[in-house]
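The values are calculated or read from the model by the stated rules, or taken from the named source; none is laboratory data. Here the structure is a predicted model, which means the values were calculated and not measured. Cβ coordinates were reconstructed from backbone atoms using ideal geometry, including for glycine residues, and neighbour counts include every protein chain displayed. Surface areas here come from the heavy atoms of the whole protein model, side chains and all, with no ligands, DNA or RNA. Shrake-Rupley method; radii C 1.70, N 1.55, O 1.52, S 1.80 Å.
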2 protein chains.
Amino acid sequence: MTWKRVATAAVLIPFVVGIVLWGSTAIVALAVGLVTMLALFEYFALGEAIGHRAYRFWTATCALVLIYVQWRTASEHRYYVLGAKLTALNGGKWLPGAVSPESPEAVFFLFVLGIAALTLATKRPLVEGLSAAGISASGLILVAFPLSYTIRIHGTPQGPLVLLFVLVIVWVSDTVAYFVGRSIGKHPFAPLLSPQKTWEGAIGGFLGSLAVALMFARWEHISVAYVLGMGAAGNVAGQVGDLLESAYKRSAGIKDSGSILPGHGGVLDRIDALILAIPVVWYYWVLIYSPKS
Amino acid sequence: MTWKRVATAAVLIPFVVGIVLWGSTAIVALAVGLVTMLALFEYFALGEAIGHRAYRFWTATCALVLIYVQWRTASEHRYYVLGAKLTALNGGKWLPGAVSPESPEAVFFLFVLGIAALTLATKRPLVEGLSAAGISASGLILVAFPLSYTIRIHGTPQGPLVLLFVLVIVWVSDTVAYFVGRSIGKHPFAPLLSPQKTWEGAIGGFLGSLAVALMFARWEHISVAYVLGMGAAGNVAGQVGDLLESAYKRSAGIKDSGSILPGHGGVLDRIDALILAIPVVWYYWVLIYSPKS
């Protein structure tokens, strides 16, 4: 943990916390859009290193549309409006299973149409078709889509606090894992993917997240069991996300996904844990924990 | 068009039409599940030919879950139920942008989680990580996801007829294109992808679809302009889908995607046009045309 890394964190953390706590969901969506673009292009660079050339512009466009849709879903009372909207569309007649043009599924289908058109219109060698479809689709679904839940979290009542919760458990886990691993770490955790990680560090990070969850539960007067579960789920998802990005870097034969953040490598290196932790906490929050505050 | 091809069609067509017109949406979903599995594994075989090994079992599982979810969405009055359901979940409190666990977006995130776990747990060489994610994600989003709209179409009022409409415009377009191309075809349509296709054939197929649309409009007493638009959109999507699959076969260096259907090649060869035509007609039907019958 070089001074560069600490200095970068010291500048970025207050900025991120400020946006999360005091920014509107629209501001958060803009920030997510920026981070997603950077992360997506770093992911595409990983693919490029092994000859998989994405349809970058189209995938990025669909990622931004997805972010817009997630913002609309978060900021409108969508699931009450939906029925009325579609009823109007259909001249007052009932249509089961109808779809809003502003839903993630519609964006995914828009993406499919564009990939089809690009595959036929491109001047690239035909042999690239499958790998271009693959790296584009996986970039949209593995990077942009999970990140877009940041906006959905932020748009709920208590959303800014829940989003802060995810950020803090991931940051604390990262830091605790680093210091515990350095001081008492002996048993390698994932020697092939990330040689410096140890079981001691991973468990320390996990316990660190639980400690944050305990504080959060006391602070917000939410049931301890639920928040511990949320912290545990978010932490495991974060550690998996971290390893997953290491796996993709190894797959591409690249050490850092980028160099935009001094001391931290690329944006993808920095947010890899969040890419999975954020949607996992969102689904936990919506499906398992029921806000009753 | 060998006798084998005609014989296979003569057996399959009445069977498919019977299921569409007289089967329940659950039966249609089962049939779609079967066809999707066959098509998906043929797509994976294309990837395998260039060394992209999918997480077959997991992707197929998610495809089946997606089909189940589309069936639930089609058969329940989902968008009315949704609000009530989620309200109950949240102890009567409003939660904007909430999600049902039975939505395509939730299935896509389930897929992401599994890909993450498999990428870390697999014994495959690390270098395969990116291409495995790519071929798995593109199989789900480019093959299984568009096909699953068959169920959504079938579940609407008039759905069986609309589904039959898509099938017939694609079949007629295919047949007319073949005979027109053979008799007067001169100008190659997509020489690199499909050397036998001609502009004459493509235009003939397009006009054939419009003729079907005219008959359908008269038969069902629906506005001619809407149905012509639906026929045109479905036909263009179908021809694009056909070429797209040719592009992927070229990308993999393979002639037929399979050999399960005598005279027709694989399942993917047979349904390539439907993969795009079905969701395009669905979105046209729901978003542009409003059933007022």
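Yes or no, residue by residue, for (1) facing chain B (nearest Cβ under 7 Å); (2) modelled with pLDDT under 85; (3) touching a Phe, Trp or Tyr at 6+ places or on another chain (Cβ under 9 Å):
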residue: A:74; (1), (2), (3): yes, yes, no
residue: A:84; (1), (2), (3): no, yes, no
residue: A:98; (1), (2), (3): yes, yes, yes
residue: A:124; (1), (2), (3): no, no, no
Requested in this report: Please determine, by comparing only the residues of the range A:105-121 that are open to solvent by 10 Å² or more (accessible area, probe 1.4 Å) and more than 18 Å from residue B:236 (Cα to Cα), which one is nearest to the other protein chains (Cβ to nearest Cβ).
Outcome: A:105
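Going by what's in this entry, would residue A:162 be described as assigned to a helix (DSSP H, G or I), at negative phi and open to solvent by 10 Å² or more (accessible area, probe 1.4 Å)? Let's see the steps before the verdict.
On the way: assigned to a helix (DSSP H, G or I): yes; at negative phi: yes; open to solvent by 10 Å² or more (accessible area, probe 1.4 Å): no.
When the stated conditions are applied, residue A:162 does not pass them.
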Query - Hits in the range B:176-219 - residues which are open to solvent by less than 70 Å² (accessible area, probe 1.4 Å), touching a helix residue (DSSP H, G or I) at 6+ places or on another chain (Cβ under 6 Å) and not in a helix (DSSP H, G or I) - result: B:185, B:189, B:190, B:193, B:194, B:198
Query raised in the report: Is there a residue being polar (S, T, N, Q), open to solvent by 40 Å² or more (accessible area, probe 1.4 Å) and either closer than 27 Å to residue B:8 by Cβ or in contact with a strand residue (DSSP E or B) (Cβ under 8 Å, 6 or more places away or on another chain) (or both) anywhere in the range B:165-173?
Result: no
Report summary line: Scanning the range B:216-235 for residues that are within 19 Å of residue B:203 (Cβ to Cβ) and either free of Cβ contacts under 8 Å to residues at least 40 places away in the same chain or of a type in the set (Lys, Arg) (or both) gives B:228, B:232
**Report entry** Pairs with Cβ under 6 Å, 6+ apart, first in the range A:55-69 and closer than 15 Å to residue A:32 by Cβ and charged (D, E, K, R), second in a helix (DSSP H, G or I) and open to solvent by 20 Å² or more (accessible area, probe 1.4 Å)
**Finding:** none
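Going through B:206, B:145 one at a time, which residue ends up being under 18 Å from residue B:275 (Cα atoms), of a type outside the set (Val, Ile, Thr), touching an Asp or Glu at 6+ places or on another chain (Cβ under 9 Å) and modelled with pLDDT of 95 or more? Spell out the reasoning first.
Numbers: B:206 fails: touching an Asp or Glu at 6+ places or on another chain (Cβ under 9 Å).
Checking each option against the conditions leaves just B:145.
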Query raised in the report: Can you name the residue in the range A:134-153 that is facing another protein chain (nearest Cβ under 7 Å) and open to solvent by less than 10 Å² (accessible area, probe 1.4 Å) and is also farthest from residue A:40 (Cα to Cα) among such residues?
Result: A:152
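Yes or no: residue A:203 more than 14 Å from chain B (Cβ to nearest Cβ) and more than 18 Å from residue B:117 (Cα to Cα)? Write out each step before concluding.
Working: more than 14 Å from chain B (Cβ to nearest Cβ): yes; more than 18 Å from residue B:117 (Cα to Cα): yes.
Yes; evaluated as a whole, the condition is true for this residue.
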Query raised in the report: Looking only at residues in the range B:254-268 that are under 19 Å from the mean Cα position of the chain (by Cα) and over 19 Å from residue A:126 (Cα atoms), which one is most open to solvent (accessible area, probe 1.4 Å)?
Result: B:260
Query - Matching residues in the range A:237-286 - criterion: being more than 10 Å from chain B (Cβ to nearest Cβ), farther than 20 Å from residue A:141 by Cα and in contact (Cβ under 8 Å) with a residue 40 or more places away in the chain - result: A:254, A:258, A:260, A:261, A:262, A:263, A:264
Query raised in the report: Can you name every residue in the range B:26-62 that is among the polar types (S, T, N, Q) and either on the phi > 0 side of the Ramachandran plot or surrounded by 24 or more Cβ atoms within 10 Å (Cβ to Cβ) (or both)?
Result: B:36, B:59
